[in-house]
Each structure stands twice: as C-alpha cells, then as structure tokens.
Amino acid sequence: MVKLERCLTGQRQGERVYRCPVLKDGDEYKDNRDHLVQWWDWAVTEELSKIHHLFDRHKDDVLTSLEYGRGGNPALESIRETLRLMREEIDDLKERLATKEVEIARLRGLLSRW
C-alpha cells in the first residue's frame with residue numbers, strides 16, 4: 001500500500017506523489033523510503049492506460065455480441081429470450097384487445113338502439 005502525499009521540495013514541489021507509508025520524515029532510514037515513489041500524474045496515466053487496454057480488448061466482443069445477438073453469454077441469451085417471449089405476449093394481447101374493442105363497439109350499437 002502506498003500513501004498519497006504532497007512533494008515538499010524540488011522542482012515538483014506541491015505536486016502529489018505516491019510514497020511508501022512505512023518510513024516517515026526524520027526516520028533513520030528515510031532515504032530507503034524512496035524505494036516506492038511515483039508521481040500522481042504518472043500513476044493515473046498508467047492506470048488509465050490499463051483501463052483503456054482492457055476496454056479495447058473487450059469492446060469488440062461486446063459489440064459483436066450486441067450486433068449479431070449471439071455472444072455466448074448465458075445471461076444475455078436469457079434476457080433476449082425473455083424479451084422475445086414478452087414481445088410475443090404483448091402482440092397477442094394487442095390482437096385480443098382489438099377483437100374485444102370491436103365487440104364492445106358492436107354491443108354499444110345494439111344498446112343505443114334498444
């Protein structure tokens with residue numbers, strides 16, 4: 001684990017730096033503390049580079065899966081199948097509703113003449 005601190009000396013004074021938290025200023029072995037030093041901006045750039053690499057590596061798989069609908073992911077396939085069944089049920093309900101609306105209109109017509 002490292003500690004984020006502000007640099008107190010040098011050309012980058014005031015900038016953030018990651019350092020080893022074990023040794024403190026004034027410790028006898030303070031010079032050994034610099035075995036873990038990395039400037040914050042370099043560390044963030046490195047981490048963002050890793051994230052970008054991971055995104056690029058998986059982006060094509062995700063896009064291919066979405067584009068072709070078959071990515072081999074059981075969770076996605078289950079969701080797709082559920083959506084397909086729900087669409088079929090909605091279409092069936094729409095047809096049944098249309099039939100009932102026609103029947104209601106016919107019955108209203110009969111009642112109005114009565």
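Be a star and scan the range 35-51 for residues whose amide nitrogen sits under 13 Å from the point 7 Å along the Cα-to-Cβ vector of C20. Under 13 Å, as judged by backbone N against the label point of C20, lie 35-38 of the range 35-51.
Taking 37 °C and 0.692 mPa s as conditions, the range 43-114 diffuses translationally at an estimated 193 µm²/s according to Stokes-Einstein applied to its Kirkwood radius (Cα pairs). Backbone amide hydrogens, once placed in the peptide plane, bring E15 within less than 5 Å of C7, excluding anything fewer than 5 places away on its chain. Residue separation of L83 and D61 scaled by 0.36 nm, minus their Cα-Cα distance, works out to 5.8 nm of gained length.
Scanning residues 5 or more positions from W39 or on other chains, those with amide H under 5 Å from its amide H are Y18, with H placed 1.01 Å from N in the peptide plane. Close amide H partners of V22, meaning residues 5 or more places away or on another chain with modelled amide H under 5 Å apart, do not exist here. Phi-derived couplings, Karplus 6.51 cos²θ - 1.76 cosθ + 1.60 at θ = phi - 60°, listed residue by residue for the range 73-79: 8, x, 5, 5, 5, 5, 5 Hz, with x used for Gly and Pro.
A short reminder: the numbers here are calculations on the coordinates, not readings from a lab. Being a predicted model, the structure only gives us computed values, none of them experimental. Here Cβ is always computed from backbone atoms with ideal geometry, including for glycine, and neighbour counts include all displayed protein chains.
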